[in-house]
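All remarks here apply to the structure that follows.
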Amino acid sequence: MRLSELNTGDKAYIIKVQGHGGFRKRIVEMGFIKGQRVEVLQCAPLQDPVKYKVMGYEVSLRRQEAEKIEVSTDERDADNEHEPQNISTAAHFREHSARHTINVALVGNPNCGKTSLFNFASGAHERVGNYSGVTVDAKEGFTDFEGYHIKLVDLPGTYSLSAYSPEELYVRRQLVDDTPDVVINVLDASNIERNLYLTTQLMDMHLRVVCALNMFDELEERGDKLNIDTLSSLMGMPMVPTSFKSGRGLQELMREVIHLFESREGHDQYYRHIHINHGHEIEDGISNIQHYLKGNDLLRLRYSTRWLAIKLLENDKEAWRVADELPEAQQIREACVLANRRVKEETGDDSETAIMDAKYGYIHGALHEAGYVIGKKNDTYKTTHWLDAVITHRWLGFPIFFLLLWLMFEVTFTLGQYPMDWIQAGVDWLADVVSRQMPDGPLKAMLADGIIGGVGAVIVFLPQILILYTFISLMEDSGYMARAAFIMDKLMHGMGLHGKSFIPLIMGFGCNVPAVMATRTVESRRARLITMLVLPMMSCSARLPIYIMITGAFFAVQYQSLVMIALYAIGIILSVVVARVLSKWVIKGEDTPFVMELPPYRFPTAKAIFRHTWEKGKQYLKKMGGVILVASVIVWALGYFGTMGVAPSLEESFIGQLGKAIEPLFLPQGFNWRLDVSLIAGVGAKEIVASTIGVLYTGPYDFTPLTAFCFLLFVLIYFPCIATIVAIRHESGSWRWALFAAAYTTVLAWLISAIVYQVGTLVM
Ligand code: GDP
Ligand code: MG
């Protein structure tokens, strides 16, 4: 009986909640848990919604929701004790079987052995055959197992759940409208890559799924290797090897069905709801569409909105029929058109293909991680597998990777030098014009020393930054970055991170801000947080101007690049140490396994590369026009004016006084007040350290190479920049972690530079 059938004052016990996982989760969170007593308190005037009392709380449900909750008035269905599975229970369940009935649907590709499973389990003799089913119907049977009455429905075979063929549509309607308690996804394990495609669609639908890895005999005979446990936890569903030629694995399979039926999502390592990451543009589209879908309660009740959004993007007719009924249909269409256009620009494909590619990428990655190796037989994904065998090879993988990294930095700095020189010439020319054409006075000083000096010192790095971003975009879009993350996975795990953390870390060499945003792709919250917090150790390109400026002045030519490399290396080493410390003592949490997607290799389209590079470069330009411009003017003004108006010398200006005031703080590092001031100014953006030094030093430098090196160390490690801190606040969801990042980096910088300076002076 349904909860909706009760009258005011009635009491009953909850037997089960039907519907897709998202709905069930919400209802369960309200307290409608199996075995709980529920009482009808009162109906609203129009019979809807109805107020219930459950677990001591008053909750109101709509009629449609109450219809999905199965209840019994029999007190023995209360969950007050765990009755032993003895004869009296068995008798009880025969009488009141409702509580122990599990509705199971068999879903799988044609010829994977669904009917064989059905026959073995139910003792039926349905026709088994090596042909695609043409009849679109479902056979029903049942089996009694360990006190449960398991109803089985043998559905027609399908390769996917789009709405192309009548079989697919039929299976889909069965899954949506009849929402089975548990789905058994039967897979032909000897063809697992293709068979898992359907599984990924079941994941989207948010159903409770057990996989039967059928034809396991063939897989073994062929000598394939596969770690089933790993695959299960990566896909978020239990998997059981079976063979329905002999009936092997049937009992384990049924046990898993019961286990799944009784357990709650997320409380079991093999039972998790996983969102497959379909890539930036598609995911944006999904959440835009979901936004409109979620406003509709009736819809939410029936469908997982994520699934429906994906179907809409796939331009699924059936899904559109549903969406067109909604008042927001127009907005949804617009969101779809936008997503489709962006996907087209990025990949050259339509969304449907892009979604399919992403799913296969997910499958490929999961299988790769589960150590899947095909014995002897031809291979359907030959080129990709072959390329991956080389690129992720145990010995070749790292050399290839480091070669590419080296190439990236080499090209960035050598090729970038040319446009850099041009821009430098332009800046010089502009400064020259200003100083010759304008009358002396504060305005000229501000323009020449403040704006042109400050912004100019930084804008010259734009070409190098664009080149770096082009490389990063190329690596991302071609699919190589995913492989790089893959081979780094083990190392990353040692740091308490995830392989996917690697991509943001590399991007951090460009700019920490987009890198912090890129941590979104790391599913595990713990790994994501640690990645964000160590990211500032990745020496971003904004620090480069300072390095070049200082090393150029203090170190002989042959040592200059050594100093630079040392700085980058120190940053990396520190990030490893900090990550380990954080993961060990500070940020707790379980490491849940997640798939590293291995999308198919692709030649990136020029348009996509251009756009991705530009999107990143735009942020840099915005920083120029914003923070850096303002900071340059402020630094200039503080240096130009003093307590008595225009300051006669820098030392008597505001900035001079400020520097003098904080000088004791940096005595252990041997920094003078000019350096102190530039460090404070650099809080806005690290380029400002360079521009400030540019403004403050017109003559030669007055400190030692040791101080210079310690200063560079400090610049490397301390407070990243305001924009990065704000990004961390945004991505971590709290100021706490943002402030933590700000504090620990500054303290660490102070300590390390002090130690190096003190030890350095002793030694020399
Ligand atoms: P359905 O289309 O999914 O219902 O698949 P069937 O149950 O009709 O099976 C298709 C073919 O695969 C039949 O010839 C079965 O005998 C065979 N088959 C089913 N399960 C297994 C298995 O585990 N191992 C092997 N080798 N063959 C199987
Ligand atoms: Mg069949």
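Select from the stretch 161-191 the residues that are more than 9 Å from A105 (Cβ to Cβ) and surrounded by fewer than 18 Cβ atoms within 10 Å (Cβ to Cβ) and list them in ascending order.
Listed by number, the residues that qualify are Y164, S165, P166, L169, Y170, R173, D177, N191.
Going by the structure shown, is L175 of a type in the set (A, V, I, L, M, F, W, C) and more than 16 Å from ligand 1 (Cβ to nearest atom)?
Spelling it out, L175 is indeed of a type in the set (A, V, I, L, M, F, W, C) and more than 16 Å from ligand 1 (Cβ to nearest atom).
Just wondering, is there one or more residues in the stretch 143-154 that are under 24 Å from G19 (Cα atoms) and free of Cβ contacts under 8 Å to residues at least 12 places away in the same chain? Show your work before the answer.
Narrowing the stretch 143-154 to residues under 24 Å from G19 (Cα atoms): 143-145, 147-154.
Pick out the ones that are also free of Cβ contacts under 8 Å to residues at least 12 places away in the same chain and you get 144.
Yes: the stretch 143-154 contains one or more residues that are under 24 Å from G19 (Cα atoms) and free of Cβ contacts under 8 Å to residues at least 12 places away in the same chain.
Can you tell me which residue among M235, M239 is at pLDDT 85 or above and within 16 Å of ligand 1 (Cβ to nearest atom)?
Working: M235 fails: within 16 Å of ligand 1 (Cβ to nearest atom).
That would be M239, the only listed residue that is at pLDDT 85 or above and within 16 Å of ligand 1 (Cβ to nearest atom).
For a quick check of your reading: which helices (runs of 4 or more DSSP H) sit entirely within the stretch 576-681 and have at least 1 residues that are in contact with a strand residue (DSSP E or B) (Cβ under 7 Å, 6 or more places away or on another chain)?
Values: elements: 606-623, 629-640, 654-662, 673-681.
Here the list reads 629-640, 654-662.
Among V128, V134, which is near ligand 2 (Cβ under 9 Å from one of its atoms), more than 28 Å from E70 (Cα to Cα), surrounded by fewer than 22 Cβ atoms within 10 Å (Cβ to Cβ) and modelled with pLDDT under 90? Steps first, answer last, please.
Numbers: V134 fails: near ligand 2 (Cβ under 9 Å from one of its atoms).
Just a single option satisfies the conditions, and that option is V128.
Which ranges mark the helices (runs of 4 or more DSSP H) fully within the stretch 448-543 that have 2 or more residues being surrounded by fewer than 23 Cβ atoms within 10 Å (Cβ to Cβ) and touching a Gly at 6+ places or on another chain (Cβ under 6 Å)?
Result: 462-478, 480-494.
Suppose the filter is of a type in the set (S, T, N, Q) and free of Cβ contacts under 8 Å to residues at least 24 places away in the same chain; does S263 pass it? I'd like the intermediate steps shown before the answer.
Values: of a type in the set (S, T, N, Q): yes; free of Cβ contacts under 8 Å to residues at least 24 places away in the same chain: yes.
Yes.
Please state which one of R222, R208 is at pLDDT below 95, away from ligand 1 (no atom under 12 Å from the Cβ) and of a type outside the set (G, A, S).
Just a single option satisfies the conditions, and that option is R208.
Out of all the residues in the stretch 403-412, is one or more surrounded by fewer than 15 Cβ atoms within 10 Å (Cβ to Cβ) and under 28 Å from E220 (Cα atoms)?
No: the stretch 403-412 contains no residue that is surrounded by fewer than 15 Cβ atoms within 10 Å (Cβ to Cβ) and under 28 Å from E220 (Cα atoms).
Within the stretch 105-119, take every residue that is more than 6 Å from ligand 1 (Cβ to nearest atom), part of a helix (DSSP H, G or I) and in contact with a strand residue (DSSP E or B) (Cβ under 8 Å, 6 or more places away or on another chain) and give me the one that is nearest to M239 (Cα to Cα). Outline the logic, then answer.
Start the filter on the stretch 105-119 by keeping residues that are more than 6 Å from ligand 1 (Cβ to nearest atom), which leaves 105-107, 109, 117-119.
Retained after the next criterion (residues that are part of a helix (DSSP H, G or I)): 117-119.
When the remaining residues are screened for being in contact with a strand residue (DSSP E or B) (Cβ under 8 Å, 6 or more places away or on another chain), the result is 117-118.
On the way: L117: 15, F118: 17 Å.
Applying the filter and picking the extreme gives L117.
Does L696 meet the test of being within 20 Å of S539 (Cβ to Cβ) and buried (at least 17 other Cβ atoms within 10 Å of the Cβ)?
No; evaluated as a whole, the condition is false for this residue.
Out of all the residues in the stretch 718-746, which are farther than 15 Å from V586 by Cβ, of a type in the set (G, A, S) and outside any helix (DSSP H, G or I)?
Answer for the stretch 718-746, where residues must be farther than 15 Å from V586 by Cβ, of a type in the set (G, A, S) and outside any helix (DSSP H, G or I): just G733.
Consider W386 against the criteria (1) assigned to a helix (DSSP H, G or I); (2) surrounded by fewer than 15 Cβ atoms within 10 Å (Cβ to Cβ); (3) modelled with pLDDT of 90 or more: it satisfies all of them except one. Which criterion is unmet?
(3)
Just a yes or no: is a residue in the stretch 180-201 part of a loop (DSSP other than H, G, I, E, B) and more than 16 Å from ligand 1 (Cβ to nearest atom)?
Yes, the stretch 180-201 contains at least one residue that is part of a loop (DSSP other than H, G, I, E, B) and more than 16 Å from ligand 1 (Cβ to nearest atom).
Scan A690, A743, A738 and give me the residue that is modelled with pLDDT of 85 or more, surrounded by fewer than 16 Cβ atoms within 10 Å (Cβ to Cβ) and under 30 Å from T519 (Cβ atoms).
After applying the criteria, what remains is A743.
Please pick out the residue among L226, L231 that is in contact (Cβ under 8 Å) with a residue 40 or more places away in the chain, within 18 Å of T199 (Cα to Cα) and either more than 29 Å from the chain's Cα centre (by Cα) or surrounded by fewer than 22 Cβ atoms within 10 Å (Cβ to Cβ) (or both).
Among L226, L231, only L226 is in contact (Cβ under 8 Å) with a residue 40 or more places away in the chain, within 18 Å of T199 (Cα to Cα) and either more than 29 Å from the chain's Cα centre (by Cα) or surrounded by fewer than 22 Cβ atoms within 10 Å (Cβ to Cβ) (or both).
Answer with yes or no whether D217 is within 28 Å of K359 (Cα to Cα) and either among the small types (G, A, S) or within 16 Å of ligand 1 (Cβ to nearest atom) (or both).
yes
The values are calculated or read from the model by the stated rules, or taken from the named source; none is laboratory data. Since this is a predicted model, take the numbers as computed values, not measurements. Cβ: placed from backbone, ideal geometry, glycine included. Neighbour counts: every protein chain shown.
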